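A quick write-up on the structure given underneath.
The values are calculated or read from the model by the stated rules, or taken from the named source; none is laboratory data. What you are looking at is a predicted structure, and each value in this text was computed from that prediction instead of being measured. Ideal geometry is used to build each Cβ from the backbone, glycine not excepted, and the neighbour counts take in all protein chains shown.
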């Protein structure tokens, strides 16, 4: 901890709700909010399709958990955790948001404001065509995705150094 403040943690949901499975990140964060599953110190950001417009909202975040549809050539509804070097090897061009997300991370690094930890929870979409409903396979993965997000956040909370107060 720096200056007595806890690391700023944010959960970012990306996607277009008008393109079926592409909206999985936004569906996930809405569920986290509606079901009140997050502690109040966690910031929740609906990034939609904002790309680099998210820069001012992400600056200063220490830990960033992002949820999005990612085409990594797996069966529909498959989930994958991307972190560290895996983020650098994201399958560019497979999603309209990956370019924006990787550009966002690059811009933050150039500014010296990149989060110290970034994790992307990706779900293989079945369809990104016009429509507002998730495909059956991706819809069925939503509960598991929520659990994975909560588990990731719990791990970060456990890794925070505890403060010890000494009194004379």
One residue from 85, 133 being modelled with pLDDT under 90 and surrounded by fewer than 18 Cβ atoms within 10 Å (Cβ to Cβ): 85
Can you tell me which of (1) under 15 Å from the mean Cα position of the chain (by Cα); (2) on the phi < 0 side of the Ramachandran plot is the one residue 84 doesn't meet? (2)
With (1) touching a helix residue (DSSP H, G or I) at 6+ places or on another chain (Cβ under 9 Å); (2) crowded, with 16+ Cβ neighbours inside 10 Å; (3) in contact (Cβ under 8 Å) with a residue 60 or more places away in the chain as the list, and residue 153 as the residue in question, which single condition is left unmet? (1)
Spans of strands (runs of 3 or more DSSP E) in the stretch 35-89 with at least 2 residues in contact (Cβ under 8 Å) with a residue 60 or more places away in the chain: 63-69, 79-83
